[in-house]
């Protein structure tokens, strides 16, 4: 364990800067009064240990112990840090086959995750299997476009949560991929899929106008892009067809973005999109800077674990 913790993370030298809320790209960060850091993972797929040293692409990288070192370092730099996951926590190693998700949730709890959304593989032990593991999670799950009304998760998984850091209100909502044809119906049972674009429009209106959130984040497990299937909803579609989302943290397609992608939303404001591959080999870090008028700028990077 100590050997793992001594392993120093390597920072990818790609950084994206954006002025949000309709501004243009900026090359530096303006003087600000408050800084909110968002750390995030996606599609970890039960990768508890580092990948094998003979791995074809990422030999010896990843693992929860090294991730803990990264998180600890960032939190020391900025106590106003939140930690999020965009789904597919389960499935991929014998840890899940044997423990059914217990190890994953307990370790994420030790790392003090704030919120996560539900990926398709998180149903792999059935919706009851997911429910049975929730007592091992000290963090909550958010999902706005899965209707759980007639399932065991009814009233347990909320559409969104609001986090507050140094007076900054952060609204976080979740979106999931269409389960039909991807997951056996016997596993997700009566869970209803609702169009992510329509849901996002309603949720962001509520978060911005009613809840007066300063920052809106979507935890998305719908996929970054589908070049050969333009009619399939993706993070890029979501960003372009909605407003009031500041950051989309993606999952499902295992897309490794060297830096956050910046997209114009439906009213011409900037949206950041980020996704960090799979297996916990990378984490994302987005820093939001708020001036005294609540105007914000952002910069992002990927961290090799």
Report task. Please indicate, with yes or no, whether at least one residue in segment 48-59 is surrounded by 14 or more Cβ atoms within 10 Å (Cβ to Cβ), modelled with pLDDT of 80 or more and touching a strand residue (DSSP E or B) at 6+ places or on another chain (Cβ under 9 Å). Result -> yes
Query raised in the report: Counting residues that are within 29 Å of residue 201 (Cα to Cα), which helices (runs of 4 or more DSSP H) fully inside segment 93-175 reach at least 1?
Result: 126-133
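Pick out the one residue from 120, 150 that is modelled with pLDDT under 95 and farther than 22 Å from residue 216 by Cβ. Talk me through it step by step, then tell me what you get.
Values: 120 fails: modelled with pLDDT under 95.
So the residue among 120, 150 that is modelled with pLDDT under 95 and farther than 22 Å from residue 216 by Cβ is 150.
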Query - Check on residue 251, assigned to a strand (DSSP E or B) and either surrounded by 22 or more Cβ atoms within 10 Å (Cβ to Cβ) or free of Cβ contacts under 8 Å to residues at least 24 places away in the same chain (or both) - result: no
Report task. Pick out the one residue from 280, 284, 268 that is under 18 Å from residue 39 (Cβ atoms), in a loop (DSSP other than H, G, I, E, B) and at pLDDT 95 or above. Result -> 280
Query - Test set (1) modelled with pLDDT under 95; (2) assigned to a loop (DSSP other than H, G, I, E, B) - residue 212 fails condition number - result: (1)
**Report entry** Top-ranked residue of segment 145-177 - restricted to ones that are out of contact with any helix residue (DSSP H, G or I) (no Cβ under 8 Å at 6 or more places or on another chain) and without any contact (Cβ under 8 Å) to a residue 40 or more places away in the chain, ranked as nearest to residue 294 (Cα to Cα)
**Finding:** 164
Query raised in the report: Which members of segment 46-80 meet the condition of being outside any loop (DSSP other than H, G, I, E, B) and within 19 Å of residue 137 (Cα to Cα)?
Result: 64, 65, 67, 68, 71
Query raised in the report: With 97, 80 as the choices, which residue is touching a strand residue (DSSP E or B) at 6+ places or on another chain (Cβ under 8 Å) and at pLDDT 95 or above?
Result: 80
Query raised in the report: Would you call residue 217 assigned to a helix (DSSP H, G or I), touching a strand residue (DSSP E or B) at 6+ places or on another chain (Cβ under 6 Å) and surrounded by 18 or more Cβ atoms within 10 Å (Cβ to Cβ)?
Result: no
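The values are calculated or read from the model by the stated rules, or taken from the named source; none is laboratory data. The structure presented is a predicted model; accordingly, all values stated were derived computationally and were not measured. Don't worry about glycine lacking a Cβ; one is built from the backbone with ideal geometry, like all the others, and counts go over all protein chains shown.
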